[in-house]
1. For chain B, which GluC sites (Glu not before Pro) are both in a DSSP coil and crowded by at most 12 other Cβ atoms within 10 Å?
2. Taking amide H positions as placed in the peptide plane 1.01 Å from N, state which residues far from A:LEU65 in sequence (5 or more) or on other chains have amide H under 5 Å from it.
3. Accessible area of the protein assembly as shown with a 1.4 Å probe: how many percent of it is carbon plus sulfur?
4. Which whole-number value in Å³ per residue fits the convex hull of the alpha carbons of the protein assembly as shown?
5. So what's the gap between the Cα centers of region A:323-367 and region A:250-311, to the nearest angstrom?
6. List every residue whose amide H lies under 5 Å from the amide H of A:VAL197, counting only residues 5 or more places away in sequence or on a different chain, with H placed 1.01 Å from N in the peptide plane.
7. Chains A and B: how much accessible area gets covered up at their contact, both sides added, probe 1.4 Å, in Å² to the nearest hundred?
8. So with the 1.4 Å probe, I'd like the accessible area per residue for region A:312-374, rounded to whole Å².
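The values are calculated or read from the model by the stated rules, or taken from the named source; none is laboratory data. Treat the numbers as computed from the prediction; the structure is a model and nothing was measured. Here the Cβ is made from the backbone with ideal geometry for all residues, glycine too, and neighbour counts use every protein chain on show. Calculation scope for accessible area: heavy atoms of the full protein, side chains included, ligands and nucleic acids excluded. Shrake-Rupley method; radii C 1.70, N 1.55, O 1.52, S 1.80 Å.
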Amino acid sequence: MSTPIKRVVVVGNGIAGLTAADSLRESGFDGELTIVGDEPHPAYSRPALSKALLLDGDDMSSHELPPPTHGANEIRGVRASGLDVERRLVSLEDGTALPYDRLVIATGSRARRLSDLPEELTLRGLDDALTLRGRLAASPSVVVVGGGPLGMEIASGCLAAGCRVTLVSQGTPLIVQLGPYLADVFVKAALDRGLTVVETGGARLEGQAGDARVVLEDGAVLQAGLVISAVGDVPNTDWLADTGMVEKGVLQVDSRGLVRPDIAAVGDPAAFPTPYGRRRIPLWSSAIEQAKVAAAALVRGDEAPPLRFQPYFWTEQFGLSLKAVGYLPVQGEPTYVEGGPGGSSLMRWSHDDGSGTAVALNHRIPIPRLRRLSQGTG
Amino acid sequence: MKIVIDRPRCEGHGLCEEAAPQLMHLDDDGELVLDREEISDADASLANAAVRVCPVAALRIA
Ligand SMILES: Cc1cc2nc3c(=O)[nH]c(=O)nc-3n(C[C@H](O)[C@H](O)[C@H](O)COP(=O)(O)OP(=O)(O)OC[C@H]3O[C@@H](n4cnc5c(N)ncnc54)[C@H](O)[C@@H]3O)c2cc1C
Ligand code: SF4
C-alpha cells in the first residue's frame with residue numbers, strides 16, 4: 001500500500017469520527033478530508049445527554065464540544081446510503097458519491113426499540129434529549145423500560161425533574177453491567193430517592209398511537225404519561241449491507257481497527273479483539289481509543305501500534321458517581337482501598353488472571369491512578 | 001494559546017490528563033491542575049487531544 005493517500009472519507013460525525021479525523025491529521029495525513037454525518041449538529045458529547053443535559057436547569061451547553069481543528073470538509077444532515085468497496089465510492093442519499101483512498105466507518109449505533117409506537121421515546125441523539133426535556137417539564141408519570149446504566153440514568157433524571165418514576169428491569173437493575181455488589185449499592189440509592197423498581201422477564205409495549213402501555217411478563221399492565229425505553233443499541237451498519245463486511249450487524253476489525261487495509265471501522269459498531277474475545281465496547285473512551293489507533297493504521301500501516309484498550313466506564317445517577325477501570329461486571333465482594341461501604345470509597349476486585357477492576361464511588365481520583373490500582377501497582 | 005478550565009463543570013474524570021499528562025494533572029483532591037499556562041505550537045495537538053476527550057466539555061482552547 002505505497003500509493004500516496006490523497007483522499008480520506010469519514011462516515012459518521014460522532015466522537016469516533018471526529019477523533020479519527022483529528023488523528024489522521026496528527027499521523028501526517030494532509031490530503032483531502034471529508035466527514036459526512038446524518039445529524040444536522042456538529043459532533044457533541046452523547047454521555048452528557050442522559051446526565052447534565054437532563055438536569056442542568058437553563059444551561060443547555062453541557063453536551064457541546066470545542067469546534068474541530070482538522071480542517072475537513074464537513075457534510076452535515078446527509079446520510080451515507082451505500083458503499084462500493086471495489087470502486088472505492090461512498091454513495092450519499094442526496095445522489096452524490098464520494099471517492100476515497102481510505103475510509104473510516106464511524107456510524108455509531110441507534111437505540112433499539114420495543115415498538116413502532118410514537119409514544120415510545122428513546123434517548124440516543126441530541127434531538128431525543130431535547131424532546132425528553134420538553135416532555136419532563138410537565139412532570140408526567142414515567143415508566144422507563146431497561147435496567148442498564150442508560151435506563152437508570154434516565155430514571156434518575158426524571159425523578160430529579162419531579163416525576164413519579166417506575167423502572168422496569170429484566171432482573172436487578174445494573175446487575176448485568178456491574179455485578180451484584182455494585183448493582184445493590186445503586187438500587188438502594190435509587191429506592192431511597194423514590195424510584196419504583198419492577199423486575200420482570202421480557203416486557204412488551206402494546207397499544208396504539210395515543211394509548212401505549214407496558215405489559216410485563218406476567219400480564220400486568222403499567223400505564224404512564226411517558227414511556228421511555230433504554231433497551232440497548234443497534235449498530236448503524238444497514239448502509240453497508242451489500243459489502244459483505246457486516247456479520248450479524250457488526251463490523252469485525254483487527255487489532256488496529258481495520259476491516260481491510262483501506263477501510264477502518266471505529267466506535268460503537270466495531271467488534272475488536274480484547275482479552276475476552278472479539279467484542280463491541282460501545283463506550284466513549286473506547287470510541288476515542290479505537291479511532292486514534294485506526295487513523296494511525298490507515299496512514300502508517302503495520303508500523304502503527306495496535307489497540308491496548310483498558311475499559312473506562314463511568315455513570316452518574318441517584319447522587320452516586322462511579323468510575324471504573326478494568327472489566328465489568330465484577331463478582332463477589334471488593335477489597336476497600338479507601339473508605340468503606342456507604343460513603344466515598346475506592347474498591348478493587350482481583351481476577352484470576354492477575355488483573356483487577358478498580359472502582360471509585362463518589363470519589364474524585366485521577367484515572368491514571370485508578371488504572372494503576374486496577375493493575376495492582378497503585 | 002492557552003487551555004481554559006470551566007471549573008464547576010469539570011467532574012474530575014481525568015481523561016484529559018491521560019491524553020496529555022505533560023500539560024495537566026489531577027491533584028490529590030481530584031482538582032484539575034494545568035501545569036502550563038501557555039501552550040506552545042509544538043504542544044498544540046496534545047492540547048487539542050486533551051480538550052476533545054473531556055466528555056463534559058470542561059476544557060477549551062483560548
Ligand atoms: C444517552 C447516552 C449516554 C451515554 N453515556 C455514556 C457514559 O456515561 N459513558 C460512556 O462511556 N459511554 C456512554 N454512552 C455511549 C457513548 O456515547 C458512545 O459509545 C459513543 O458516543 C460512540 O461514539 P461513536 O462516534 O461510535 O457513535 P455515535 O456517537 O453514535 O456517532 C455516529 C454518528 O454517525 C451518524 N450516522 C449514522 N449512520 C450514518 C450514515 N449512514 N451516514 C452518515 N452518518 C451516519 C449518527 O447519526 C451519529 O451522528 C452513552 C450513550 C448515550 C446514547
Ligand atoms: S476530562 Fe474533563 S471532566 Fe475530566 S478532569 Fe479533564 S476536564 Fe475535568
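1. B:GLU37
2. For A:LEU65, the qualifying residues are A:SER45.
3. 48
4. 151
5. 26
6. A:LEU167
7. It comes to approximately 2100 Å² buried between A and B.
8. 39
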